1. Taking only pairs six or more apart or across chains, which ones have beta-carbon atoms under 7 Å, a first residue in segment 150-163 that is part of a helix (DSSP H, G or I), and a second residue that is basic (K, R)?
2. Which count do you get for residues in segment 59-79 that are open to solvent by 50 Å² or more (accessible area, probe 1.4 Å) and at pLDDT 95 or above?
3. Looking only at segment 312-331, filter to residues that are in contact with a Gly (Cβ under 9 Å, 6 or more places away or on another chain) and within 15 Å of L124 (Cβ to Cβ); which one of those is surrounded by the fewest Cβ atoms within 10 Å (Cβ to Cβ)?
4. Of the numbered conditions (1) under 27 Å from E43 (Cα atoms); (2) touching a residue at least 40 places away in the same chain (Cβ under 8 Å); (3) in contact with a strand residue (DSSP E or B) (Cβ under 7 Å, 6 or more places away or on another chain); (4) not small (G, A, S), K91 fails exactly one; give the number of that condition.
5. Could you grab me the full set of residues in segment 225-253 that are among the acidic types (D, E) and in contact with a strand residue (DSSP E or B) (Cβ under 8 Å, 6 or more places away or on another chain)?
6. Might you let me know whether segment 237-247 holds any residue that is in contact with a Gly (Cβ under 9 Å, 6 or more places away or on another chain), open to solvent by less than 10 Å² (accessible area, probe 1.4 Å), among the acidic types (D, E) and closer than 17 Å to G326 by Cβ?
7. Look at segment 293-310 and say how many of its residues are open to solvent by less than 30 Å² (accessible area, probe 1.4 Å), over 15 Å from L233 (Cβ atoms) and assigned to a loop (DSSP other than H, G, I, E, B).
8. Let me confirm something: among P158, P181, P253, which residue is within 27 Å of P305 (Cβ to Cβ) and crowded, with 18+ Cβ neighbours inside 10 Å?
Amino acid sequence: APALRRAGGRSTGTDGAEGLIERADLVVDTVVGIGGKGGLRPEAVPLAEAAERARAAVVAVDLPSGVDADTGEVRGTALRADLTVTFGTHKPGLLIDPAREYAGSVRLVDIGLELPAEAELEALQHADVARLLPVPAVESDKYRRGVVGIAAGSARYPGAAVLAVAGALRGGAGAVRYVGPAGQAVIARFPETLVSDGGPKRAGRVQAWVVGPGAGDDAATVAEVLAAEVPVLIDADGLRLAEASAVRGRRAPTLMTPHAGEAAALLGVEREEVEGGRLGAVRELAGRYGATVLLKGSTTLIASPGGGAVRVNPTGTSWLATAGSGDVLSGLGGSLLAAGLSAVDAASAGAYLHGLAGRFAADGAPMGAHDVAEGIAGAWRSVVRG
């Protein structure tokens, strides 16, 4: 059984530990190391509960006890730290919810470990994203910069089309073409949009498509976009309407952007299973559909169909949990695809800018999705300027 050490060097067993924890000013969590699996053992649960009740600061060594270091899963009770001091490298569980929520502030201490050549996770920073963002050359025109097509919106959800176009216009492509029933709403808000009512095949030249936001039950448009030989981003209703075989059979890159509920429906599991095991879910979806998958949520993860490191988006704010925010991200990601980024880079850069724009727009207060779209330019400048 674990023992707790009192000031002055004496120790106590678990029988007297709960009261000691509740009276402490500082609790150092060393109950379980990075090899722990399956949550806390029953005799350690009262210690975690006592730490939760206490007013003491909790410092976890390497990671909070009770969380899975490799997956970020939390099975049962776990210690909730104010600060985690980790060694050698960040563990996946410190970057992925729900475990990330238990870690508090995380500080990495380099102890000279020789790390594997291939990482399990990657978290891009400003400089990484700045290298990915498209910059027009002197000879660029709107076609060389890329044209993104947006097939979105319906009579019931015209706003989804407007928000997707808003994100696309701020994503670096040279032009945005819109097809769908919300053309009047789009052109009224963004007169620079090239609006067509002839469907995707008659929209004109595009380098990438976004399909699905607010699409309702328009399966025919989704199928038409999936047949195009350019990169495609599928979101929202498009995820439900897309035939799995059509997605797997595509030769051009495909980027899927589900939230946890949509991912659960695609996998045939409960939403709670996806939220509790986000890393496994995003990898499973990418492999099953042969597509790059951006799993939205409190931790946004990006997985490639061929495996390799999963990317964890480090930006964002809980205020981004607002209607239409995902539509803005879809347009932004599609624009980056049209500008020439790979699916995984478009997803990574798009999520990073979107999260940063959300932080800037919220600044600690409520906001709407249109505020996120308007904040993308500031996020872009912040990334480029370092």
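The values are calculated or read from the model by the stated rules, or taken from the named source; none is laboratory data. Predicted, not measured: the structure shown is a model, and the values here were computed from it. With ideal geometry, Cβ positions are generated from the backbone for all residues, glycine too; neighbour counts draw on all protein chains shown. Note: areas computed on protein heavy atoms with side chains; ligands, DNA, RNA excluded. Shrake-Rupley method; radii C 1.70, N 1.55, O 1.52, S 1.80 Å.
1. V162/R189
2. 1
3. P314
4. Among (1) under 27 Å from E43 (Cα atoms); (2) touching a residue at least 40 places away in the same chain (Cβ under 8 Å); (3) in contact with a strand residue (DSSP E or B) (Cβ under 7 Å, 6 or more places away or on another chain); (4) not small (G, A, S), K91 violates only (3).
5. Within segment 225-253, just D235 meets the criteria.
6. Checked against the condition, which is being in contact with a Gly (Cβ under 9 Å, 6 or more places away or on another chain), open to solvent by less than 10 Å² (accessible area, probe 1.4 Å), among the acidic types (D, E) and closer than 17 Å to G326 by Cβ, segment 237-247 yields no hits at all.
7. Total meeting the criteria: 2.
8. Going through P158, P181, P253 in turn, the sole match is P253.
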